[in-house]
């Protein structure tokens, strides 16, 4: 247990240049406190003590502004920087050495059952305000830009931006984006309806003959 605490404190020190001491991190960092309380809640959850698990997780949310469902699976050395407004859903899986900033949601779309929330690979950074929604994976060593809304799988070693998020860099190389010839969904729908009308008119004409 003490080894895990030391490991977590070191991870915060390594990732946060503003951290002045281990005592400051231990007593004053809400992200560190939320992770410690999650581990206790997760222990209760795994032992089918659901009320205790939720009690601890809701207490952590009130104290820190960070809501982590006790059923989530979190790896080693997670760093939550600032953290206010973070929500992590029940079936979320987070790998090792992940960095999450404030306002991030790792949630579901409401359409899925069973595994409803994302899987976050190792060494992933999710920037402020990003939303990752659905039961897919963010690949190892990937970066999610601030404010991005991720609705589909992200390959390893990628950077994604935008709403909905798209890959702009992969394996260190910029991915070319066509910013001019972007499909117009309204026009596509109108073309589809026009084609259907022509088909129906053809059927009516054939019957009339």
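The values are calculated or read from the model by the stated rules, or taken from the named source; none is laboratory data. Keep in mind it's a predicted model, so treat the numbers as computed, not measured. Backbone-built Cβ (ideal geometry, glycine too); neighbour counts: all protein chains shown.
Brief remarks on what is shown
- Residue in the range 39-51 that is under 21 Å from the mean Cα position of the chain (by Cα) and assigned to a loop (DSSP other than H, G, I, E, B) present: no
- Options 84, 92, 105: the member that is within 14 Å of the chain's Cα centre (by Cα) and either touching a residue at least 40 places away in the same chain (Cβ under 8 Å) or surrounded by fewer than 22 Cβ atoms within 10 Å (Cβ to Cβ) (or both): 105
- For the range 20-38, the tally of residues that are part of a helix (DSSP H, G or I), under 20 Å from residue 1 (Cβ atoms) and touching a strand residue (DSSP E or B) at 6+ places or on another chain (Cβ under 9 Å) stands at 6.
- Of the residues making up the range 63-81, those that are surrounded by 20 or more Cβ atoms within 10 Å (Cβ to Cβ) and under 20 Å from residue 115 (Cα atoms) are 68, 69, 70, 72.
- Residues that are in contact with a helix residue (DSSP H, G or I) (Cβ under 7 Å, 6 or more places away or on another chain) and closer than 22 Å to residue 108 by Cα, drawn from the range 51-63: 53, 57, 60
- Restricting the first member to the range 2-28 and to residues that are within 18 Å of residue 40 (Cα to Cα), and the second to residues that are surrounded by fewer than 16 Cβ atoms within 10 Å (Cβ to Cβ), the beta-carbon pairs closer than 6 Å and six or more apart or on different chains are 9/22.
- Matching entry among 154, 124 (being within 25 Å of residue 40 (Cα to Cα), touching a strand residue (DSSP E or B) at 6+ places or on another chain (Cβ under 6 Å) and buried (at least 17 other Cβ atoms within 10 Å of the Cβ)): 124
- Filtered residues of the range 76-98 (kept if assigned to a strand (DSSP E or B) and touching a helix residue (DSSP H, G or I) at 6+ places or on another chain (Cβ under 6 Å)): 79, 80
- So residue 25, is it in contact with a helix residue (DSSP H, G or I) (Cβ under 8 Å, 6 or more places away or on another chain), surrounded by 14 or more Cβ atoms within 10 Å (Cβ to Cβ) and more than 20 Å from residue 71 (Cα to Cα): yes
- Any hit, the range 164-180, residues being closer than 24 Å to residue 83 by Cα, at pLDDT below 95 and either touching a helix residue (DSSP H, G or I) at 6+ places or on another chain (Cβ under 8 Å) or not in a helix (DSSP H, G or I) (or both): yes
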